[in-house]
Amino acid sequence: MTKTWPLITTLFKQKSRSVHIVVGLQLLGAVLTALSVLWQRQFNWPSIAMATISYGVLAGMILFVLLAQRTERIWTSNVFRLLPVSDLRLYLVNLGSTLLDLLYFLVIEVVITALCSLGGWTSFIQASLSTQPWSFAAAGLVVMLALNLYGWTFISLVHLVGRTISNWLPEMRSKFVYFILYAVIGFILLKILDGAETLLQKMVAPLLMGQYDPNIIPSIYSFSGILAIMIVLFSAINIYLLKYWVESKQTA
């Protein structure tokens, strides 16, 4: 268990349950939509496919929150905090396994999207012959991973700061501090999701219409670079707090 790869595998399997839950809900929504359309005798495969993909976007937002919760539990878990591994390695393994679960979800979504596009493979292949869609896809993947990592490291920062402060305050005051911190988290999360939605609109909408603006790609990579700097900064603070200030929960 103290080796890096078995530890990543264990955490990945635990968090993958959240992936299976949100994908299951997505497919359930798609089935219900298909049944509703059949009941109305207005079967339209493109509409069902778009609904399935839309449910996938919602599933991704829910998964972000679920993975954040599972990531946070590790910081105060007796099982993992008391393992003979350094706080730096535990932090990187925990965050890395969360990222792997996100990639796992994205692979599933690619498969679902491909199945939904079975009726339009000709146009899809013609569009794929150009390098522009792939450059857009690469930029979109980079900024998506950066946004998620930024969100998780920021949430961890707020959580660990809250744990540190609560150690110095009475229980009632610490609850008030947690309330304020989680209100801040909620506000920041809304901003993150709003920024992600804006990026999706700027990238996905032109792709669906067959319009590509390569001028937006350098801006996306620049934005991702800024997020990467913030991720490193937040992570350095988080590792310091884990090492010197935050202890595992003492359970009977």
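The values are calculated or read from the model by the stated rules, or taken from the named source; none is laboratory data. The structure presented is a predicted model; accordingly, all values stated were derived computationally and were not measured. Cβ placement follows ideal geometry from the backbone for every residue including glycine, while neighbour counts extend to all protein chains displayed. These accessible areas exclude ligands, DNA and RNA; they are computed on the full protein's heavy atoms, side chains included. Shrake-Rupley method; radii C 1.70, N 1.55, O 1.52, S 1.80 Å.
Table for the structure above
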| item | result |
| --- | --- |
| Inter-label distance, nm, simple model (7 Å from Cα along the C-beta direction), residue 190/residue 134 | 4.2 nm |
| Additional length obtainable on full extension of the chain from residue 73 to residue 36, 0.36 nm per residue less Cα span | 9.4 nm |
| R0 of 35 Å, Cβ-Cβ distance residue 230-residue 118: FRET efficiency to nearest 0.05 | 0.30 |
| Protein accessible area in the range 62-118, 1.4 Å probe - carbon and sulfur % | 76 percent |
| Distance histogram in 5 Å bins (all Cα pairs of the range 1-113, percent per bin) | 2, 12, 20, 17, 13, 10, 9, 6, 5, 3, 2, 1, 0 |
